[in-house]
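A short worksheet on the structure shown next.
The values are calculated or read from the model by the stated rules, or taken from the named source; none is laboratory data. Keep in mind that what you see is a predicted model, and the values were worked out from it rather than measured. Every residue, glycine as well, gets a Cβ built from its backbone with ideal geometry; the counts of neighbours run over all protein chains shown.
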Amino acid sequence: MRQPVWFACGDTGLLLDFSGYGPGLGQVAIPATDRANLTRKARQLGQMMLKKADNGAFRGLTDIVPGLCSVLFHYDPVIITAAELKQIVSLHLEQLDLSQQTSARLWRLPVCYEEAFAPDLKDVVSKANLSPDQVIALHTSRILEVAIMGFLPGLGYLTGVDDALHLPRRSVPRTFVPQGSVGLAMDQTVIYPLNSPGGWNLIGRMPIPLFDQKRENPILFSAGDQVSFYAVNADKYEELAASCVDGNLPICPEQADEAAL
């Protein structure tokens, strides 16, 4: 296992990369399971550091941004130096106990994989050398993890996709992707929370908004949540979409089984 590497991010940021990438270290691919564990490690470290800072254990930390296998620390250099922050983070890193995982939520989400909602399904079928039913079966067979949040409000990057569905992004991104579109790229899947540009392979659409300002909690996902998909037809999709008006949320999360990941 490579040792974490520090990178300066401007004059007010430090990135700790658990993948060990860096100048002269090469870009050896990390197995998906190892990458998932490193992402959880980064997330737990970020949560620990934020809690310590909020409790007054040290001053100068202004923001924490967990990433895939990394965590970015923003700091005020007038209050704390980069060397001091590195030392504090390193001490807390030694205290991490990944066996003590916090309880997670499991969201079971409907997806319509019919042609009208899946403009790239045929391309995915061709590239993966699978039938449409096989692609859908693989996409609905796994319990995925919300590794990180980003890009748009409510968008979670879901890891744990079956190896047979690992695909590159589209060579030509779309200027418009409808809200709820379900996309595949690399070893991940996402649900677009808003209409936006995008370059992922679209294989379906999910009717329940990931981001809705009318809900008490506008953002559905949190990093560390688990997600599984099940297929619905177009009629059921429309029924579920209609049930989400005025901030209504027609589903509730379950208690996740940590052993399922």
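Here is a check on your reading of the model: is Ala223 surrounded by 19 or more Cβ atoms within 10 Å (Cβ to Cβ) and free of Cβ contacts under 8 Å to residues at least 24 places away in the same chain? Can you show your working first?
Working: surrounded by 19 or more Cβ atoms within 10 Å (Cβ to Cβ): yes; free of Cβ contacts under 8 Å to residues at least 24 places away in the same chain: no.
Spelling it out, it is not the case that Ala223 is surrounded by 19 or more Cβ atoms within 10 Å (Cβ to Cβ) and free of Cβ contacts under 8 Å to residues at least 24 places away in the same chain.
State whether one or more residues within the stretch 60-76 are of a type in the set (S, T, N, Q), part of a helix (DSSP H, G or I), over 21 Å from the mean Cα position of the chain (by Cα) and over 22 Å from Pro197 (Cα atoms). Don't jump to the end; show me each part of the working.
Filtering the stretch 60-76 for residues of a type in the set (S, T, N, Q) gives 62, 70.
Then drop every residue that is not part of a helix (DSSP H, G or I), which leaves none.
No, because not a single residue in the stretch 60-76 is of a type in the set (S, T, N, Q), part of a helix (DSSP H, G or I), over 21 Å from the mean Cα position of the chain (by Cα) and over 22 Å from Pro197 (Cα atoms).
Per-residue answers, yes or no, for (1) touching a residue at least 60 places away in the same chain (Cβ under 8 Å); (2) in contact with a Lys or Arg (Cβ under 7 Å, 6 or more places away or on another chain); (3) assigned by TED's automatic domain parsing to the domain that holds Val182:
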site: Val71; (1), (2), (3): no, no, no
site: His74; (1), (2), (3): yes, no, no
site: Ala83; (1), (2), (3): no, no, no
site: Pro119; (1), (2), (3): yes, no, yes
site: Ile148; (1), (2), (3): yes, no, yes
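Okay, residues lined up against (1) aliphatic (A, V, I, L, M); (2) in a strand (DSSP E or B); (3) under 14 Å from the mean Cα position of the chain (by Cα):
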{"residue": "Tyr157", "(1), (2), (3)": "no, yes, yes"}
{"residue": "Val172", "(1), (2), (3)": "yes, no, no"}
{"residue": "Gln179", "(1), (2), (3)": "no, no, no"}
{"residue": "Tyr237", "(1), (2), (3)": "no, no, no"}
{"residue": "Asp246", "(1), (2), (3)": "no, no, no"}
{"residue": "Ile251", "(1), (2), (3)": "yes, no, no"}
Assess whether Gly160 counts as being farther than 15 Å from Ala118 by Cα and modelled with pLDDT under 95. yes
Would you mind stating whether Ala36 is at pLDDT below 90, surrounded by 15 or more Cβ atoms within 10 Å (Cβ to Cβ) and not assigned by TED's automatic domain parsing to the domain that holds Asp163? yes
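Out of Ser103, Ser131, I need the residue that is surrounded by fewer than 16 Cβ atoms within 10 Å (Cβ to Cβ), small (Gly, Ala, Ser) and under 24 Å from the mean Cα position of the chain (by Cα). Which one? Explain how you work it out, then say what you get.
Values: Ser131 fails: under 24 Å from the mean Cα position of the chain (by Cα).
Of Ser103, Ser131, the one residue that is surrounded by fewer than 16 Cβ atoms within 10 Å (Cβ to Cβ), small (Gly, Ala, Ser) and under 24 Å from the mean Cα position of the chain (by Cα) is Ser103.
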